Amino acid sequence: MQNEVMEKLQKWITESDNIVFFGGAGVSTESGIPDFRSTDGLYHQQYDYPPETILSHTFFRRKPEEFFRFYRNKMLALDAKPNAAHLKLAQWEREGKLKAVITQNIDGLHQAAGSQKVLELHGSVLRNYCESCGRFYDAYAIRDSEGVPRCACGGSVKPDVVLYEESLDMEVMQEAVSFISQADVLIIGGTSLVVYPAAGLIDYYRGNKLVLINRTPTARDSEADLVVEGSIGEIFGALR
């Protein structure tokens with residue numbers, strides 16, 4: 001059965017020049033970055049506060065030292081490398097098949113693999129800005145700082161990531177909707193499709209080649225035209 005599924009997926013990819021990929025944490029876990037919601041992910045480790053609390057706007061304002069202690073320890077996976085899924089998506093873009101990668105991840109691995117058109121719904125740990133003067137700092141500056149990172153001007157530096165309680169960038173969302181609504185093939189991988197509003201993007205797809213790739217079933221499997229269960233790195237690695 002899996003062979004038939006893979007053959008159909010390969011056929012759709014071969015015949016399309018308008019593929020859009022929408023990915024979640026499962027794309028990054030195969031590069032060694034922990035998933036918040038997996039059984040061995042951050043939610044199942046012990047901290048003074050749950051990660052959803054620490055990674056909220058309110059907590060960032062009230063307890064910035066504790067926020068950055070957690071952030072440096074758990075959110076900066078700066079040694080991680082792109083896996084087969086990242087590399088295959090970049091290849092398809094170079095070949096003119098893939099139009100955009102839409103990601104919930106904040107690690108920058110799609111760009112590291114060579115992807116050019118990447119829409120980051122939740123921002124990126126690689127970008128950090130002074131809240132006073134707007135000066136840019138890279139992720140290494142945050143990693144190597146202590147306490148609350150400070151700008152040369154004295155202002156505090158904030159990661160360019162969307163925290164809980166913060167709104168997504170509507171321009172990025174609108175661009176994602178545009179790509180998805182015009183896509184021939186929409187491949188969704190490594191996400192359980194439970195985090196909104198990002199998960200609602202699937203509703204804008206108008207085609208008949210919706211592919212869901214995940215290790216476990218998702219709530220939207222019944223809506224898919226093709227469901228592929230397994231490691232997204234292995235699945236993409238087997239595709240041309």
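Only the coordinates and a few stated rules stand behind these numbers; no lab work does. Nothing here was measured: the structure is a model prediction, and the numbers come from that model. Glycine gets a Cβ as well: all are built from the backbone with ideal geometry, and neighbour counts include every protein chain shown.
Give me the angle, in degrees from 0 to 90, between the Cα long axis of helix 84-94 and the longest principal axis of the Cα atoms of the chain, rounded to the nearest 10. Long axis of 84-94 versus the principal axis of the chain: about 70 degrees.
Greater than 24 Å separation of Cα atoms is the criterion. Which listed pairs, Lys88/Lys158; Lys8/Lys99; Lys11/Lys97; Lys11/Lys99, meet it? Over 24 Å apart, Cα to Cα: Lys88/Lys158. Between region 115-147 and region 211-240, the alpha-carbon centres lie 31 Å apart.
The residues packed around Ala85, meaning those with a beta-carbon under 11 Å from its beta-carbon, carry a net charge of -1 if Lys and Arg are +1 and Asp and Glu are -1.
Taking 13 Å as the straight-line reach from the Cα of Lys63, the aspartates and glutamates in range (excluding those fewer than 8 positions away in the same chain) are Asp48. To test your reading of the geometry: what angle, between 0 and 90 degrees and rounded to tens, separates the Cα axis of helix 64-74 from the longest principal axis of the chain? Helix 64-74 sits at roughly 40 degrees to that axis. Only Cα sites of the chain enter the Debye sum here, all with the same form factor; the resulting log10 I(q)/I(0) across q = 0.12, 0.17, 0.18 1/Å is -0.69, -1.28, -1.40, listed in q order.
To check you understand DSSP bridge types, tell me what percent of the beta bridges within region 96-240 (both residues inside) are antiparallel, rounded to 5. Antiparallel bridges: around 40 percent, rounded to the nearest 5.
Within the listed set Glu66, Glu120, Glu95, the residue fluctuating most in the Gaussian network model of the chain (springs between alpha-carbon atoms under 10 angstrom) is Glu95. Packing here is the average count of other Cβ atoms within 10 Å per residue, and on that basis the peptides 98-111, 148-161, 183-196, 201-214, highest first, run 98-111, 183-196, 201-214, 148-161.
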